[in-house]
Each structure stands twice: as C-alpha cells, then as structure tokens.
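J.: Have a look at this one.
The values are calculated or read from the model by the stated rules, or taken from the named source; none is laboratory data. Treat the numbers as computed from the prediction; the structure is a model and nothing was measured. Cβ placement follows ideal geometry from the backbone for every residue including glycine, while neighbour counts extend to all protein chains displayed.
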Amino acid sequence: MLLIKKLTEAYGVSGDEYGVRDLLREELTPYAERIETDTIGNLYVKKGIGKKPRIMVAAHMDEIGLMVVGFESNGLLQVKTVGGMDERVLVSKPVVVGNNHVPGVIGAKAIHLQKPHERKKPLEIEQLYVDIGVKSKEEAEKLVKIGDYVAFMASTHEIGENCLIGKAMDNRVGCAILAELVKIDFNLELTAVFTVQEEIGLRGATVAAYNVHPDFGLVLEGTTASDVAGVEDTGYVTKLGGGPAISFMDSSFIAPRKVVDFIVDIAKKLDIPFQLRRLTTAGTDAGAISQAHAGIPSAVISMPCRYIHSPASVISLADYENTLRLAKGVLQAIAEGGLSLEGIA
Amino acid sequence: MKELLKKLSETYGPAGREDKIRQVIQDEVKNYVDEVFTDPMGNLYAVKKGKGTKIMVAAHMDEIGIIVTYIDKHGFLRFSNVGGVSPQILLGQRVTFGNGVVGSIGVEKLDDIKKLTLEKLYLDIGAKNKAEAEKLVKIGDIATYDREATVMGTRMIGKAMDNRAGCAVVIQALRELKETENEIYAVFTTQEEVGLRGSRTSSYRINPDLGLAVDVTLVGDTPEPPQLNVALGKGAAIKVKDASVICHPKIKAMLSELAAKHSIPVQLEVMTAGGTDAGAIHLTRKGVPSGVISVPCRYVHTPVEMVDLEDMANASRLLTAFLSSPVKMQEAFPCALD
C-alpha cells in the first residue's frame with residue numbers, strides 16, 4: 001500500500017521518469033544481484049543471473065502529461081500533450097511544472113466569458129494554458145523553461161470498499177507489482193525492467209528487450225476498466241474488481257494461444273479470479289518485446305483502472321493482490337518448467 | 001499452380017493462428033529444399049543452402065479475420081477485427097474458426113446503413129445459449145471467411161488470395177529452382193496483416209544480403225477505379241513504392257532486366273498506401289536492399305479476391321530468374337559510407 005502510494009504520487013511523464021526510477025532503485029537495491037540503467041532510462045533489476053530460462057518482466061514507469069512549448073506575454077504557459085491525453089480532462093486540474101515542481105493549474109476562459117457555442121464544445125489544447133501565478137513572461141521564464149514537463153498533481157487515497165484513487169495508476173500499479181515480485185526468489189533468471197516512454201510508442205521496451213534478449217517476456221500493465229455508465233456490457237474491456245486481465249490481442253501484439261491458456265490454467269489452479277481483456281486496440285510493451293531479435297514469446301497481465309489517463313483513476317486493491325498472485329504463479333510455473341517454449345506459436 | 005493455390009486459399013490461417021496453413025506449406029516445400037524450421041513468431045523457413053549471396057524471400061501466409069471478444073447469454077458472439085476487415089464486407093458472410101465451427105454474421109437493427117460499424121455486427125454460431133457457445137468457441141479465437149476457391153478461365157476467385165497467391169508463387173519458384181550459388185531463405189511469414197511482425201523478426205534472424213517480398217497488389221482496371229497502373233492479366237508487378245518501402249532502385253532494375261531477358265510480361269506498381277513485408281525487411285539491422293514482386297489482385301480483403309493464374313506463373317518465373325542469378329554484392333550495392 002505504501003509503495004503504490006509513493007509510486008503514484010511521484011512524477012514521471014514520458015521521457016522524464018527519474019522520480020519514479022529513483023524511488024524504485026532505492027526500494028529494490030537490497031534485493032538485486034545487479035541493478036543498472038541504460039541510455040534511454042530503463043531500470044534493470046537482475047536476480048538469478050545465469051539460471052535458465054531468462055525471463056523479462058516489464059512495467060512502464062512513465063505517465064502521460066504535458067510539455068511547455070511557449071509563453072504568453074502575461075506569464076501563462078503554452079503546452080502540448082505527451083502521450084494519449086483526453087484533452088477534456090485537462091481543464092482546472094492542478095499540475096507541477098519542471099524539475100523544481102513549480103505548482104500551477106490548467107486554466108481556460110471562465111464559463112461567464114464563453115459564448116454559447118463555445119460551451120458546447122470541449123476545450124482543445126490550444127485554448128488551454130498552465131497558470132503558475134506569475135504576471136509576466138519574464139517572471140515565468142525565471143521558473144520554467146521551454147521543454148519542461150507538466151504532470152498532474154494528485155495525492156493517492158483509499159476510498160470506498162478497498163479501492164484506491166490517484167493519478168498514474170497506469171502504470172505504477174504494474175511497477176508496484178513488479179517491485180513485489182523482485183522481492184520473491186524464483187528459480188530462474190529474472191530481469192525486472194521498469195521501462196520508459198511506453199505512452200509515446202513502447203520506446204523503452206524496444207531497447208530493453210534487445211538488451212535483455214529473454215526467452216520469455218511478461219508485461220504488467222494498467223488497462224481500461226469500462227464497467228461504467230454509458231457502456232453496454234458487450235463493450236466492457238475489463239471490470240473493476242474482476243481480477244487480473246489477460247490479453248489475447250491488442251494493436252501491438254497477438255498473444256500465442258498457448259501462452260494465454262497457460263496463464264488461464266494457472267489462475268484456475270490457484271483459484272484467482274481473472275478476466276480476458278476484451279479490447280483489441282491500444283498497445284503495450286509486449287508489442288515491442290515480442291518483436292525483438294528473432295521474436296520473443298510474450299504475455300500481458302493487466303489490472304483494471306477506471307478513469308485511466310486521468311488524475312483520478314480508481315483501482316481495486318483486491319485486483320492488485322490477485323494480479324500479484326497471478327504474476328507470481330506464472331513465474332513459479334515457468335521456473336518449474338511448466339511453459340514449454342518450443343513451438344510456442 | 002491451380003490446385004496448389006486452391007488448397008492454400010481454402011486453408012484456415014488468420015494472423016496469429018497460422019498453424020494449419022504453415023503445416024500445408026511445409027508439406028508442399030519440404031522435398032524441394034535442404035532445411036525447414038519455424039520460430040517463436042510462427043514463421044516457416046525453407047532454406048536452399050549455398051555459398052553465395054544470402055537472399056530472403058518473404059511471402060506472408062496469414063490472412064485477415066475477426067477475433068471473439070464477448071459471448072452474450074443467448075450465445076451470440078461479438079468480435080473485433082484482425083487486420084483490415086470492413087463491416088460492409090463482413091455483413092452477410094459465413095465465417096469459420098478452423099475447428100469446424102462456422103457462423104453467420106448478423107447485424108443489429110439499423111435505421112441507416114451508413115451507421116454500420118463492427119460494433120453493430122455479431123456472429124451467430126447456432127448456439128442456443130452462452131454455455132453452448134462456450135463449448136464451441138473461446139474468447140480470443142479467430143475466424144476467417146469461409147469460402148471455396150473457384151476457377152473462372154485463367155482466374156481464380158476466393159478468400160485469402162492475399163497472400164496465398166504470393167505463397168504459391170514462392171513454392172512454385174522453389175520447385176523450379178535449379179542449382180544456384182545463392183543461399184535462399186524462403187520465409188512464409190506470420191502477422192503481416194497486423195503490422196509486418198513475422199518478417200521483422202525473421203529478417204533479423206536471417207540477416208540477409210538482399211530481401212524480396214512476394215505479395216498481392218491492388219489494381220486500377222475495374223469500373224470507376226482508383227488511379228493505379230496495374231491491371232489483372234498484364235503480368236507480374238514490380239513494386240516501385242508503397243507506404244512501407246521505397247524499393248531499392250538496383251533491385252527494381254535487376255528485376256526489369258531479367259523480365260526483358262526472359263520475355264516475362266511485367267508492369268510497374270506505384271502505391272500510395274498499404275505495406276508489405278519488404279517494409280520491415282529493408283529496415284532490419286544496418287538496412288537490407290529490398291524489392292517486391294507483386295501479384296495483381298482485385299477485391300483485396302474480401303472473400304471474392306480475384307487473381308490471374310498467368311500473372312502468378314509470370315511472377316514465379318521472374319522470382320526463379322532472380323534467385324538463380326549470381327549477385328556481386330560489392331559491385332551491385334557499393335556502400336556509400338565506405
């Protein structure tokens with residue numbers, strides 16, 4: 001609980017993940033045989049070096065956000081999105097800007113000043129700005145540089161029946177679960193990779209999979225929970241509280257049926273509630289891992305997140321526990337030789 | 001080639017589920033090559049050993065399909081697309097899962113046909129309820145068009161001509177290929193329809209000197225057609241470019257010269273959209289000079305794709321000539337950076 005709170009409250013927009021990386025490095029150094037980073041910023045934590053098979057488990061550290069691209073003469077900051085941002089969630093959200101975490105808010109023309117037709121349309125990024133409470137461009141330039149990242153500012157709380165609300169659940173939940181896995185001993189070579197720049201095109205995982213060259217890749221993710229108003233149950237991707245979601249296909253990756261069945265069987269054997277992720281769009285790091293070298297068999301286990309890509313995502317702590325149990329079960333089963341990597345396709 | 005293409009066309013093999021088509025192709029090629037093997041992405045490699053230039057020839061064996069995402073309490077299935085499947089074409093089709101289960105594509109009540117989307121369609125496999133449906137099909141299972149291939153004159157009509165026509169061309173060339181100093185890696189690739197995925201990993205593995213893809217291409221010879229130069233029955237097409245690759249000018253020239261030398265009818269193909277395995281191959285490692293031989297095809301990504309068997313014979317002759325020709329890499333492809 002403490003770890004997921006710390007991880008979600010840390011800042012790490014794509015390309016600027018050092019806050020999350022530093023936290024994880026500090027947390028995991030006591031457990032690692034080797035811990036290192038690469039030129040793009042991935043964090044590698046290795047255990048069981050030299051054992052077989054070699055398994056890479058990846059969770060991306062980055063979150064979506066904004067970037068400062070210019071200044072208005074009155075000191076407001078012009079911004080663009082980084083990653084798959086729903087621009088409709090932006091207005092009036094508190095943010096921090098740059099490495100010094102300058103506080104601000106995403107502003108827009110107040111409703112009183114909007115013309116009737118303007119009120120009917122969601123605000124676009126060009127109509128939004130970040131207000132850091134200064135009066136001039138010169139003052140703003142003392143605090144912020146062009147290219148500085150803007151991240152949502154939100155603290156993480158428990159709500160309702162065993163739920164957690166906060167920002168960046170996608171994918172600090174995966175990071176937290178992967179950190180817990182690192183603390184367990186498995187009879188295999190484990191490289192836990194906390195990847196960067198997933199939200200802008202699986203870029204960290206592309207480099208990491210090449211570096212690690214594993215026999216098998218497992219990705220831990222946060223995914224859309226769409227059991228909400230206005231969505232027919234035929235269109236649910238996953239359900240909050242329904243347990244970990246296993247992917248059979250997304251826009252970056254088709255899971256080998258054998259691997260999906262292997263994970264489903266483990267869930268059934270361990271009596272872990274699970275669901276299949278019923279959306280075939282959006283990508284994950286598995287898209288990059290499965291395409292590395294001459295091809296690497298891979299799988300994705302994700303945790304349902306409501307209001308994903310917003311500063312107020314909701315997860316179920318029961319899903320968290322069950323996702324951890326399933327991921328652990330999968331690694332144990334692989335260590336015991338349960339997954340034959342021959343003829344996997 | 002007629003019987004071969006009919007067999008390949010009718011075999012089940014959507015992207016990510018190429019087991020059956022891989023087995024059929026393996027049986028067709030194994031007696032004509034030195035080695036066959038597969039890899040984690042499911043690609044099938046057929047190798048003719050040699051000491052000369054290492055040439056990779058890729059023909060993707062996957063086809064488009066639909067993937068089950070949901071089973072409702074009445075036993076109806078909802079699905080998403082695997083590759084470029086359009087709801088307009090799917091409506092009213094019969095599809096198969098490759099395990100004997102077939103189904104009809106139905107549509108919810110629509111007040112306007114323009115509102116037809118994949119979400120409005122469902123698949124009916126004759127099950128009376130969810131439990132019955134789940135005995136036949138699992139979420140994540142993939143179906144393809146269910147369609148026999150028929151010959152009309154020199155033309156064949158059926159599903160998955162994209163790209164079983166290309167597979168047949170490569171198989172035919174492997175059978176006809178005489179002794180050559182080149183080392184030939186024919187790869188029947190997977191998951192081309194979802195993003196050139198099999199060719200990306202197989203070309204990394206092979207690390208070839210030259211790459212050649214064999215795939216179908218669109219035509220501009222039908223009523224009110226798009227502006228395309230390629231026509232059915234006018235010969236094999238030599239690709240100039242598409243959205244995934246600008247073919248290496250030297251390979252293009254080599255193919256054109258061989259066609260002239262052997263009197264093989266060819267046409268030049270310029271596509272503004274679409275992609276093929278050469279898109280992945282030419283960007284492998286330090287870059288691989290790559291080209292494409294295309295088979296003209298009408299009605300691509302429908303169950304009534306049409307190819308001309310003479311175009312395929314010509315494509316196969318051109319491919320055989322290319323694979324037989326010694327290539328002096330240093331002369332033909334001097335590295336500009338050296």
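J.: Take segment B:1-19 and flag every residue that is more than 14 Å from chain A (Cβ to nearest Cβ) and assigned to a helix (DSSP H, G or I).
T.: Within segment B:1-19, B:K2, B:E3, B:L4, B:L5, B:K6, B:K7, B:L8, B:S9, B:E10 meet the criteria.
J.: Does segment B:88-99 contain any residue that is basic (K, R), farther than 29 Å from B:N129 by Cα and modelled with pLDDT of 95 or more?
T.: Checked segment B:88-99: no residue is basic (K, R), farther than 29 Å from B:N129 by Cα and modelled with pLDDT of 95 or more.
J.: Give me the strands (runs of 3 or more DSSP E) completely within segment A:162-244, filtered to those with at least 2 residues that are within 14 Å of another protein chain (Cβ to nearest Cβ) and either farther than 16 Å from A:V20 by Cβ or touching a residue at least 12 places away in the same chain (Cβ under 8 Å) (or both), ordered by residue number.
T.: Filter on segment A:162-244 gives A:216-224.
J.: Here is a further query. How many residues are surrounded by 14 or more Cβ atoms within 10 Å (Cβ to Cβ) and within 14 Å of chain A (Cβ to nearest Cβ) if we restrict to segment B:96-106?
T.: Result for segment B:96-106: 2.
J.: Within segment A:101-119, is there a residue that is at pLDDT 90 or above and more than 30 Å from A:I165 (Cβ to Cβ)?
T.: No, because not a single residue in segment A:101-119 is at pLDDT 90 or above and more than 30 Å from A:I165 (Cβ to Cβ).
J.: Right, something else. Residue by residue through segment A:88-106, note down the ones that are surrounded by 16 or more Cβ atoms within 10 Å (Cβ to Cβ), of a type outside the set (V, I, T) and out of contact with any Leu (no Cβ under 7 Å at 6 or more places or on another chain).
T.: Of everything in segment A:88-106, those that are surrounded by 16 or more Cβ atoms within 10 Å (Cβ to Cβ), of a type outside the set (V, I, T) and out of contact with any Leu (no Cβ under 7 Å at 6 or more places or on another chain) turn out to be A:K93, A:G98, A:G104.
J.: Failed condition for B:A259, given (1) crowded, with 21+ Cβ neighbours inside 10 Å; (2) of a type in the set (G, A, S); (3) at pLDDT below 95, with all others met?
T.: (3)
J.: Determine whether B:G13 is in contact with a helix residue (DSSP H, G or I) (Cβ under 7 Å, 6 or more places away or on another chain), within 30 Å of A:L276 (Cα to Cα) and modelled with pLDDT under 95.
T.: no
J.: Name the strands (runs of 3 or more DSSP E) wholly within segment B:211-325 that hold at least 1 residues that are free of Cβ contacts under 8 Å to residues at least 40 places away in the same chain, within 19 Å of B:G153 (Cβ to Cβ) and among the β-branched types (V, I, T)?
T.: No strands (runs of 3 or more DSSP E) qualify here.
J.: Do we find that A:A318 is surrounded by fewer than 22 Cβ atoms within 10 Å (Cβ to Cβ), under 22 Å from A:L240 (Cβ atoms) and away from chain B (no Cβ under 14 Å) in this structure?
T.: Yes; evaluated as a whole, the condition is true for this residue.
Okay, residues lined up against (1) in a strand (DSSP E or B); (2) closer than 28 Å to A:A312 by Cβ; (3) not assigned by TED's automatic domain parsing to the domain that holds A:V219:
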position: A:V45; (1), (2), (3): yes, no, no
position: A:G50; (1), (2), (3): no, no, no
position: A:V69; (1), (2), (3): yes, yes, yes
position: A:S73; (1), (2), (3): no, no, yes
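J.: For segment B:117-174, what are the residues that are in contact with a Pro (Cβ under 9 Å, 6 or more places away or on another chain) and over 26 Å from B:A186 (Cα atoms)?
T.: B:T117, B:L118, B:E119, B:K120, B:L121, B:I142, B:A143, B:Y145, B:D146, B:R147, listed by residue number.
J.: If A:D271 passes every condition in (1) assigned to a loop (DSSP other than H, G, I, E, B); (2) in contact (Cβ under 8 Å) with a residue 40 or more places away in the chain but one, which one does it miss?
T.: Result: A:D271 passes all but (2).
J.: Can you name the number of the only condition in (1) of a type outside the set (D, E, K, R); (2) at the interface with chain B (Cβ under 9 Å from one of its Cβ atoms); (3) buried (at least 21 other Cβ atoms within 10 Å of the Cβ); (4) in contact with an Asp or Glu (Cβ under 8 Å, 6 or more places away or on another chain) that A:A294 fails?
T.: Of (1) of a type outside the set (D, E, K, R); (2) at the interface with chain B (Cβ under 9 Å from one of its Cβ atoms); (3) buried (at least 21 other Cβ atoms within 10 Å of the Cβ); (4) in contact with an Asp or Glu (Cβ under 8 Å, 6 or more places away or on another chain), only one is false for A:A294: (3).
J.: Can you tell me which residue in segment A:12-33 is farthest from A:V82 (Cα to Cα), limited to those that are of a type in the set (S, T, Y) and surrounded by fewer than 23 Cβ atoms within 10 Å (Cβ to Cβ)?
T.: This residue is A:Y31.
J.: What's the number of the condition B:T117 fails, among (1) under 21 Å from A:T280 (Cα atoms); (2) out of contact with any Phe, Trp or Tyr (no Cβ under 8 Å at 6 or more places or on another chain); (3) buried (at least 18 other Cβ atoms within 10 Å of the Cβ)?
T.: (3)
J.: Right, A:D271: of a type in the set (D, E) and closer than 21 Å to A:A225 by Cβ or not?
T.: No.
J.: Residues being away from chain A (no Cβ under 14 Å) and touching a helix residue (DSSP H, G or I) at 6+ places or on another chain (Cβ under 7 Å): count how many of those fall in segment B:61-94.
T.: Number of matching residues: 1.
Table: residues versus (1) at pLDDT below 95; (2) of a type in the set (D, E); (3) out of contact with any strand residue (DSSP E or B) (no Cβ under 7 Å at 6 or more places or on another chain).
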site	(1), (2), (3)
A:G147	yes, no, no
A:M153	no, no, no
A:K167	no, no, no
A:R172	no, no, yes
A:I184	no, no, yes
A:Y210	no, no, yes
A:P214	no, no, no
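Yes or no, residue by residue, for (1) assigned to a strand (DSSP E or B); (2) of a type in the set (G, A, S):
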| position | (1), (2) |
| --- | --- |
| B:V68 | yes, no |
| B:S80 | yes, yes |
| B:G84 | no, yes |
| B:G92 | no, yes |
| B:V95 | yes, no |
| B:I105 | yes, no |
| B:E119 | no, no |
| B:G126 | no, yes |
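J.: Here is a follow-up. Could you check segment B:178-209 and list, in sequence order, the residues that are surrounded by fewer than 24 Cβ atoms within 10 Å (Cβ to Cβ), more than 11 Å from chain A (Cβ to nearest Cβ), modelled with pLDDT of 95 or more and not in a strand (DSSP E or B)?
T.: B:N182, B:D209 - these are the residues of segment B:178-209 that are surrounded by fewer than 24 Cβ atoms within 10 Å (Cβ to Cβ), more than 11 Å from chain A (Cβ to nearest Cβ), modelled with pLDDT of 95 or more and not in a strand (DSSP E or B).
J.: Of all the residues that make up segment B:20-57, how many are within 14 Å of another protein chain (Cβ to nearest Cβ), assigned to a strand (DSSP E or B) and crowded, with 16+ Cβ neighbours inside 10 Å?
T.: Here the count works out to 5.
J.: Return the residue satisfying two criteria in turn: it lies in segment A:1-39 and is charged (D, E, K, R) and in a helix (DSSP H, G or I), and of such residues it is nearest to A:S310 (Cα to Cα).
T.: My answer is A:E9.
J.: Of the residues B:Q93, B:Q172, which is over 28 Å from B:A315 (Cβ atoms) and either among the β-branched types (V, I, T) or surrounded by 15 or more Cβ atoms within 10 Å (Cβ to Cβ) (or both)?
T.: The match here is B:Q93.
J.: From (1) aliphatic (A, V, I, L, M); (2) within 13 Å of another protein chain (Cβ to nearest Cβ); (3) not in a strand (DSSP E or B), pick out the condition that doesn't hold for B:A131.
T.: So B:A131 meets the others, but not (2).
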